[in-house]
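Okay, structure first, notes after.
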Amino acid sequence: MKFERFGLGIIKGLTVTIKNNLRHPTVAQYPEQRLNTSRRIRGNELIWSRERCTGCGTCAKTCPQGAIEIVTSTNLAENKYVVEMYRVDTGYCIQCGLCVEACPYDALFMGYSYERAKYRREELVQADDMLLESKERPASGYFHPEIAQKLPRQTLLVERINEER
Amino acid sequence: MAIETREFTLKTEPFMLNFGPVHPSTHGVYRMRTTLDGEVVLDIEPVFGYLHRGIEKLAEQRTFTGFIPLTDRLDYISSMSNNMAYCMAVEKLAGITVPERAEHIRVILAELQRIANHLIANGSFLNDCGAYFTPFLYMFREREKILDLFEMVSGQRLTYNFMRIGGVSQDFPEEFMPALRIFLNQMPRFIDEYDRLLKENEILLARSRGVGILTQKAAVNCSISGPVLRSTGYQWDLRRADPYSIYDRFEFDIPVGIQGDCYDRFRVRMEEMRQSLRIIEQAVKDLPQGAVRAEVPHLVRPPVGEAYSHIESPKGELGFYLVSDGSIAPYRCHVRPTSLINLTALREMVRGWKVADLILIFGSIDICLGEVDR
Amino acid sequence: MALVDLMEVNTRLYQQAVPPDWPGGFWWHWLFFAVVLIIFILIMVMAVIYIERRAMGRMQSRLGPNRTGPFGILQPVADAIKVLLKENIVPVNADKVVHWLAPVIAFVPALMIFAVVPFQNGALLADLNIGILYVVAISSVSTIGVFMAGWGSSNKYSLLGAMRNVAAVVSYEIPLVLAIVGIVLLTGSLSMNQIVLAQDIPFVLLQPLGFLLFFTAGCAEINRSPFDLMEADSELTAGFHTEYSGMKFAMFYLVEYAEAVAIAAIITTLFLSGWRGPALPPWLWFIIKVIIVFFLMVWTRTTLPRVRIDQLMSLAWKFLLPLAVINLVITAIEVLFLSALPWLIIIVNFAVAAVLVVMWSKLFFKLGWGRLEV
């Protein structure tokens, strides 16, 4: 192994580093500056719509982890199912989004926020009214283009930092 | 006067050193029991299985579509390739044809994934060399751009779950194409910057030129694949040798190394990034309109039979072997793990080198423990 | 026959800056300087730690520490407080006295070097007329501290790291000293104050090869990257200071940066004409130059990968030592014949340096061993 090229490669490398020293660093200071996530983000929670859900159970059959549990009873007068309990164990959920994709009535949404950690493991199991959409639990546009249009645009690194090389 | 001389040799004894499962440089939980004589490595004995999650057995209890999120977690650094290999295997088994636009989208995403993977591979290789995170952070900066694109398309940054049986799950949003165009314009100059920093760096050359040589014959005998095989000089790329998807329509070169040492593997990966950019340009140019998904029921029931399909994943040849018995879940699913088979050559490559070279050679094979242990 | 006429230089410059005349005599002078030096070293070490982390962060396209205090200035203070609050763990099998004494023996020489470094004309703790020889002698003593740390830890990886360190330091002493001898030939005196006074032209121009040799050998002596394999995080454990925690670890950390400041101060004094400069007060020029030299060290640390141990030794014995000897011979010839024409000396020296480095690296130099037969 000869010592090739007498140090020229080292000098080239040094020029690259010193030029990077003078450029703007590619950082965003979290939590003061938050970047906008994608409109289709599969965030940390599941959002359910009680009006549209019919209790068909497609989501529970599709979920690879088996995290969804539905209990229904029949309402023979209106020829419908009544959903008594709809429970999701978000600790098991891997945020794959297959349930949202499978629902034939568009009653499920992925969450938009990603800072939803809980202090206790029991709080991860969410049922019924805890799953409804609210201001703290916005819905994301994964498989729901009408919601995706209203969400803010994603911050892209290619647009933020565009220095010439 | 006769002077008696005696040979004075220093008596040394080999000792066993354990590169434990928790180590800053083994890329994951991987254990090596090395026998050292001073600084020279005499023998290594690998112990893995610390990340075994039983994915192949789990496949028998998930549906064909429900298994796709689990394939993400095999080689978690390049999830799109795993998804693609699995979906191609099921399509081969069930005889489903994929629409044209979906094929183009798959190629674009797979090549972007290849660039992202090689950025990590080279960054970690230089980190093991001792360059104090500088090239690593530069390469991660570019990987951020690719991850932004993937997040825009699929919603997550690491385990995408994007390919489906019969195509991809959704179409591109409308801001994807402009962002991809900016990325394609910027990236070649960033790769040039890496070359300026590293290609002729004397210390890197002294550390890695001629180190860990794998001969062509040994590589072919051990069924090594991927950049490790190409660095020995053997021009074998599944995209040329056994074309899948629509790769036979694109023109690209296959970078090949000279000796099969660590430096060649590093350079092969750099050049492959440039070739991937070429393929993406061509795929973007003639992207047709149309459906992105074939009409496939959610619970697919392929006919009874078996199929094996393989792709050129960034680390090598990744293959899925599926046996179906007509029900909604596979009867048997076996993954041909690229990293494990590439790892079997480590022992031959490492004997006689020093401890510092052991770390370097191990890093240059570029394994991911999720695939080794499944 | 010296290059400069010291009598003339002394009388000329003595009238410009008068060193302080202490009323109490020698003991007040000693007390004042001892206190000033200790405070100076501690503050410079903290400043230097801060500069290194910020500069390295900026070069890697990220910010350095910026949360503790405005612009992160209090980060070294936070580090110091953290390290003081940690528990002091001594291994059971360790040799207690050796383990305790090692940081002390490693730290004290780094302090003692500053006794002969001039901050202003005549502002030294002790203007020894063997100044630079004293520096060379004392700087070798801290190696004993490092070896005691490795031995007293009763840990075979610490011993390995300590032995590597001793080998490296002993090997790099010789090019270091030979580079210094070149300077002494130009000046005609060993005293540091006289060396600074003699630099009407900074010696970095008159001795470019000497500067490179001293810088490289100095970086190797203080275990800085690219020669930091004694504490390589991506190889075995943390080297000789594995078994240290709490204040003793803080001592080793301090030693590393104090020696960096010491080597930077010596380079400033020998090559960059110490405290001399046009407008600002001399001690400010001194600090500025020390920080510039330290920035050079940070710059090389960020860019270059690490060398291997046998390559380190080869570099010292086969590359630096012959170049140092040839440099010495050529300087001696120049001082004999060309001492009236300094500009000719500059041209000749630069040409010789370039030719030597090119020729040596292409023809005579083979870096390290290859693969050994096992």
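Quick notes on this structure:
- Considering each residue of region A:90-99 in turn, at least one proves to be on the phi > 0 side of the Ramachandran plot and either touching a Phe, Trp or Tyr at 6+ places or on another chain (Cβ under 9 Å) or in a strand (DSSP E or B) (or both).
- Residue that is at pLDDT 90 or above and either surrounded by fewer than 20 Cβ atoms within 10 Å (Cβ to Cβ) or within 17 Å of the chain's Cα centre (by Cα) (or both), where the choices are B:312, B:371, B:295, B:348: B:312
- Qualifying residue in region B:319-341 (condition: hydroxyl-bearing (Ser, Thr, Tyr) and either in a helix (DSSP H, G or I) or within 16 Å of the chain's Cα centre (by Cα) (or both)): yes
- Scanning region B:150-158 finds no residues that are in contact (Cβ under 8 Å) with a residue 24 or more places away in the chain and among the small types (Gly, Ala, Ser).
- Filter pass, residue B:251 being more than 14 Å from the chain's Cα centre (by Cα), within 19 Å of residue B:111 (Cβ to Cβ) and not basic (Lys, Arg): yes
- Candidates A:49, A:38, filtered to the one that is among the small types (Gly, Ala, Ser) and more than 30 Å from residue B:191 (Cβ to Cβ): A:49
- Among the conditions (1) within 14 Å of chain C (Cβ to nearest Cβ); (2) closer than 23 Å to residue B:31 by Cβ; (3) at pLDDT 90 or above, residue B:341 misses just one, which is (1).
- Flag if residue B:71 is outside any helix (DSSP H, G or I) and either of a type in the set (Val, Ile, Thr) or buried (at least 24 other Cβ atoms within 10 Å of the Cβ) (or both): no
- Only listed residue being within 14 Å of chain C (Cβ to nearest Cβ) and of a type in the set (Ser, Thr, Tyr), chosen from B:76, B:132: B:132
- Test: residue in region B:208-218 that is within 8 Å of another protein chain (Cβ to nearest Cβ), touching a Pro at 6+ places or on another chain (Cβ under 9 Å) and over 30 Å from residue B:167 (Cβ atoms): no
- Single residue of region A:118-140 satisfying the filter (at pLDDT below 85 and of a type in the set (Gly, Ala, Ser)) that is nearest to residue B:193 (Cα to Cα): A:134
- Meets criteria (out of contact with any His (no Cβ under 7 Å at 6 or more places or on another chain), touching a residue at least 60 places away in the same chain (Cβ under 8 Å), facing another protein chain (nearest Cβ under 8 Å) and not hydrophobic (A, V, I, L, M, F, W, C)) for residue A:50: no
- Considering B:218, B:206, the condition of being hydrophobic (A, V, I, L, M, F, W, C), surrounded by fewer than 19 Cβ atoms within 10 Å (Cβ to Cβ) and part of a helix (DSSP H, G or I) is satisfied by B:218 alone.
- All positions within region B:113-147 that are over 18 Å from residue C:303 (Cα atoms) and without any contact (Cβ under 8 Å) to a residue 12 or more places away in the chain: B:144
- Residue check, residue A:101 within 11 Å of chain B (Cβ to nearest Cβ) and charged (D, E, K, R): yes
- Looking across region B:157-202 at every residue that is among the polar types (S, T, N, Q), in a loop (DSSP other than H, G, I, E, B) and closer than 28 Å to residue C:60 by Cα, the one that is modelled with the lowest pLDDT is identified as B:201.
- Region A:61-89 - residue that is surrounded by fewer than 16 Cβ atoms within 10 Å (Cβ to Cβ) and part of a loop (DSSP other than H, G, I, E, B) and, of those, nearest to the other protein chains (Cβ to nearest Cβ): A:66
- Number of positions in region A:119-165 that are in contact with a Gly (Cβ under 9 Å, 6 or more places away or on another chain) and among the β-branched types (Val, Ile, Thr): 2
- Summed over region C:349-371, the residues that are part of a helix (DSSP H, G or I), buried (at least 16 other Cβ atoms within 10 Å of the Cβ) and either out of contact with any Pro (no Cβ under 8 Å at 6 or more places or on another chain) or modelled with pLDDT of 80 or more (or both) give a count of 6.
- Any hit, region C:83-94, residues being modelled with pLDDT under 85 and either crowded, with 19+ Cβ neighbours inside 10 Å or under 17 Å from the mean Cα position of the chain (by Cα) (or both): no
- The set of residues from region B:221-240 being outside any helix (DSSP H, G or I) and more than 30 Å from residue B:282 (Cβ to Cβ) comprises B:222, B:223.
- Number of the exception - residue A:125 against (1) touching a Leu at 6+ places or on another chain (Cβ under 9 Å); (2) over 20 Å from residue B:172 (Cα atoms): (1)
- Test result for residue A:44, among the polar types (S, T, N, Q), more than 10 Å from chain B (Cβ to nearest Cβ) and either exposed (fewer than 13 other Cβ atoms within 10 Å of the Cβ) or farther than 30 Å from residue A:149 by Cβ (or both): no
- Only residues that are touching a residue at least 60 places away in the same chain (Cβ under 8 Å) and either more than 7 Å from chain A (Cβ to nearest Cβ) or under 23 Å from the mean Cα position of the chain (by Cα) (or both) were counted across region B:182-201, and they come to 8.
- Per this entry, residue C:343 is not counted among residues that are exposed (fewer than 15 other Cβ atoms within 10 Å of the Cβ), farther than 30 Å from residue C:50 by Cβ and within 20 Å of the chain's Cα centre (by Cα).
Table: residues versus (1) more than 19 Å from residue C:249 (Cα to Cα); (2) without any contact (Cβ under 8 Å) to a residue 40 or more places away in the chain.
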site	(1), (2)
C:64	yes, yes
C:86	no, no
C:95	no, no
C:107	no, no
C:111	no, no
C:132	yes, no
C:140	yes, yes
C:149	no, no
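- Checked against (1) in contact with a helix residue (DSSP H, G or I) (Cβ under 9 Å, 6 or more places away or on another chain); (2) surrounded by fewer than 20 Cβ atoms within 10 Å (Cβ to Cβ); (3) of a type outside the set (Asp, Glu), residue B:101 passes all but condition (1).
- Only a single item in (1) without any contact (Cβ under 8 Å) to a residue 60 or more places away in the chain; (2) within 22 Å of residue B:119 (Cα to Cα); (3) surrounded by fewer than 22 Cβ atoms within 10 Å (Cβ to Cβ) is not met by residue B:248, and it is number (2).
The values are calculated or read from the model by the stated rules, or taken from the named source; none is laboratory data. Predicted model, so just to flag it, every value in this text is computed and none were measured. Neighbour counts run over all protein chains shown; Cβ positions are idealised from the backbone, glycine included.
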